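A quick write-up on the structure given underneath.
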Amino acid sequence: MTRSIPFFLALVSSAAATTAPDGDNILWYDQPAAKWEQALPIGNGHLGAMVFGGTTNERIQFNEHTVWTGKPHSYAHEGAVKFLPEIRKLLFAGKQKEAERLATKEFMSVPIRQKAYQPCGDLLIESPDRQTVNHRRWLDLDSATATTEWTSDDVNFRRETFASHPANLIVTRITSDKPGKTSATIKLGCQHKDHAIAIEKPATLVLKGKVQADGVAFEARAVVTHMGGALTETADSVQITGADSIEIRLTAATNVESWKSLAADPAARVRETLARSSNKDHAALLDAHLADHRALFHRVTLDLGRTPSASLTTDARIAAFKDGKDPALAALLFQYGRYLLIGCSREDGQPANLQGIWNDSMRPPWDSKYTCNINTQMNYWPAETTNLPECHLPLFKALAELRESGAITAREHYGARGWALHHNFDLWRGTAPINGSNHGIWISGAPWLSLHLWEHYLFTGDREFLKKSWPVLRDCALFFTDYLIEDPETKQLISGPSNSPEQGGLVMGPSMDHQILRDLFKATSQAAGILGTDRELAAKLDEMRPRIAPNKIGKHGQLQEWMQDIDDPNNKHRHVSHLWAVFPGTDITWRQPDLFKAARQSLIYRGDAATGWSMGWKTNLWARFLDGDHAYTILNNLLQPIGTTKGAGGLYPNLFDAHPPFQIDGNFGATSGIAEMLLQSHVPVSEDAPSGPFLIHLLPALPSKWSAGSVKGLKARGGTTVDIAWKDGKLASARLTPAQSGPVNVRLGEKTADFQGTAGKTLEIDGLLLAK
Ligand code: FUC
């Protein structure tokens, strides 16, 4: 009970009313969560949980990353390739509907839909039904701990929950400021029909369940310990009365050995996990958790100024954000994205799905799978820029697996070498086109995701990583050397059948595909050079690249979304796919003023209001258009309570982003967007050297609302760590710590300056020096 003294003092000082807990990176509330979107997320990449923060009834809803419907399965449509020439012929002849009909019949995934991510169970903690006062609950992003406090019969209680990555446990501890006053009945619950709950001695709750008879089987175990008091085990609960403190250690596992096998033993896995920590006391578990989390979280700080509004409850802050008096809420949202990525994407875990790792629904929206015509990629946009490259690794592991399953799709659907991925994948690594031919046949899942490997290399300079990833990158490009087809009219190389997500139906030659492929071919050829390998392929890519249909400016001054000049300036569609070239791509930068202007015009036509992730994307785009105030306008629209603007996104009380409904990509899009407003590094110093060095562009899109502030620890391509401070809307100072010795090229406004950098040595630059 060594921690009970500071806890009691803290309570005394705040007992008068519910006041904000200490700290800048806090989400807090004065009511328990009534809905899931009010509960607070914790996670360790394998387990995720939503903490409701009740007093007499606590619910900790938990997930395990591999609890999915379905089982290992290849979704490729055998023999689909026979129909590819006819589908293309129909599209070239302008017979879109016929092409879609034929594709629906002969070209789609078997079955047509992929599988869904599922909830695992509930940890339920009932305390004696007494009157409670002084309730408050919070999530501290700095300690990755969800805490609930309340007073009952003059006893002050505290319940703290964290998800430890090193121990793979969710740990809950209940303490109070008076000895012998802590009592609780602890149970497990589960939504899956096929489940059983039992109690094993000593004081262990066991949940065994199956998603479907021949599919995923899971087991969760919660071990209860207590100091003082008495313990009773019933048929389905563990009861503690009159204790000084109670601790619960929960873990879960499945039979999923890999995407190809269900041979693992969930019972052995959970027992092994619990045994690994059995000799560690609570303090040791907590210390290991804090060290692990903080090693990642502490790398970046952002200060946009703090006002009295920052002490309001988080839901009240969201409601008031539009008043412009709470810049710290934008900083909190930024850090929340980093916190969530640490919580849902850790080495050896599954990548972050549409809801990260958090899901309470048996039928989650879009199956909470991996939609990769924007969403999965957006989840990883902040990984490199906000200094969390390790969190990118689960995606890379999935890519290596998709290379295998996608090779079958490449062969069966396209008669091509390499690998292909359409607009979704699931736990079973489905890669064939799903749902509907008009939007499911979209071919750029693999190249867009493969470019994340290249970006990781650009940021980290890790040559070993590039070497290891080479087969994925190489085979992805290889596919397109077989797949691209000459347009009979223009003689340019075009993509197709494909679509501009998710509108306009099945077409030949959507602009987005070509933009992605130009970046892919450039990256792959560069990577081959760096690794000294596959010279023939690199030469082929260099030869094909200039023949890919170029970006075109249309009659409305817009960047064309398709080969034909058919864009509707009134189209407000959430997808802004043809602007991929500007962000996250590099096909169009400020170095090509005409195309840059046309792309900007297209974004103006699309408007500002949008779904959650679409606003996330637009924030990044306006930052790349070097317009901080417009980026802020979008952020301001995103940072509103859900329901404020009909049909548009916003935030739930727990700061989860709303498509609506909850979809986590918008959170990551917002974090990435704020980083892009403060630092950009995608433009190489010389166009002849696309793999760097890059211009380190300081404060490229600083909004006038953030007149003073500082950011520390952002990353630029080339591996430079960047700290920036600004005042009166102008750079005050910057500290750049390069990872490699060599020139450091800094850009501020339209001025650039070159410095000589030494690896690991910080260069201090003041604003005046650069302004000259
Ligand atoms: C794409 C989007 C939808 C949604 C879904 C998960 O299909 O067009 O808006 O985000 O993914």
Any hit, the range 523-532, residues being of a type outside the set (K, R), in a loop (DSSP other than H, G, I, E, B) and surrounded by fewer than 16 Cβ atoms within 10 Å (Cβ to Cβ): yes
Subset of the range 596-617 (residues that are within 16 Å of the ligand (Cβ to nearest atom), buried (at least 19 other Cβ atoms within 10 Å of the Cβ) and farther than 19 Å from L329 by Cα): R606, A610, T611, S614, W617
Pair list, Cβ under 9 Å, 6 or more apart: the range 277-290 residue among the charged types (D, E, K, R) and surrounded by 12 or more Cβ atoms within 10 Å (Cβ to Cβ), other residue at pLDDT 95 or above and assigned to a helix (DSSP H, G or I): K280/A288
Hey, I765 open to solvent by less than 10 Å² (accessible area, probe 1.4 Å) and farther than 24 Å from W622 by Cβ or not: yes
Matching residues, the range 387-401, being surrounded by 22 or more Cβ atoms within 10 Å (Cβ to Cβ) and touching a Ser or Thr at 6+ places or on another chain (Cβ under 6 Å): C391
Selected residue [under 17 Å from R113 (Cα atoms), out of contact with any helix residue (DSSP H, G or I) (no Cβ under 8 Å at 6 or more places or on another chain) and within 16 Å of the ligand (Cβ to nearest atom)] from D367, D426: D367
Residues satisfying the stated conditions in the range 429-466, i.e. of a type in the set (K, R) and in contact with a helix residue (DSSP H, G or I) (Cβ under 6 Å, 6 or more places away or on another chain): R429
Cβ-Cβ under 7 Å pairs, at least 6 apart or on other chains, the range 357-384 side closer than 15 Å to G343 by Cβ, far side charged (D, E, K, R) and away from the ligand (no atom under 11 Å from the Cβ): P382/R338
Strands (runs of 3 or more DSSP E) within the range 1-102 that include 1 or more residues basic (K, R) and either modelled with pLDDT of 95 or more or touching a Phe, Trp or Tyr at 6+ places or on another chain (Cβ under 6 Å) (or both): 57-64
W580 vs. criteria in a loop (DSSP other than H, G, I, E, B) and in contact (Cβ under 8 Å) with a residue 12 or more places away in the chain: no
Residue check, G643 open to solvent by 10 Å² or more (accessible area, probe 1.4 Å), within 14 Å of the ligand (Cβ to nearest atom), at pLDDT below 95 and farther than 19 Å from M378 by Cβ: no
Some residue of the range 675-683 being within 26 Å of T307 (Cα to Cα), part of a strand (DSSP E or B), more than 26 Å from the chain's Cα centre (by Cα) and of a type outside the set (S, T, N, Q): no
Residue check, W448 open to solvent by less than 10 Å² (accessible area, probe 1.4 Å), of a type in the set (F, W, Y), in a loop (DSSP other than H, G, I, E, B) and at pLDDT 95 or above: no
Unmet requirement for A222, which otherwise passes all of (1) open to solvent by less than 10 Å² (accessible area, probe 1.4 Å); (2) under 22 Å from N156 (Cβ atoms): (2)
Qualifying position, being more than 14 Å from A144 (Cβ to Cβ), within 26 Å of the chain's Cα centre (by Cα), among the acidic types (D, E) and crowded, with 20+ Cβ neighbours inside 10 Å, among D348, D326: D326
Which numbered condition A739 misses (of (1) closer than 21 Å to T386 by Cβ; (2) free of Cβ contacts under 8 Å to residues at least 40 places away in the same chain): (2)
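The values are calculated or read from the model by the stated rules, or taken from the named source; none is laboratory data. Remember, predicted model here, so these are calculated numbers, not experimental data. FYI the Cβ positions are ideal-geometry reconstructions off the backbone, even for glycines, and counts take in every protein chain you see. Areas reflect the complete protein model, heavy atoms only, side chains present, ligands, DNA and RNA absent. Shrake-Rupley method; radii C 1.70, N 1.55, O 1.52, S 1.80 Å.
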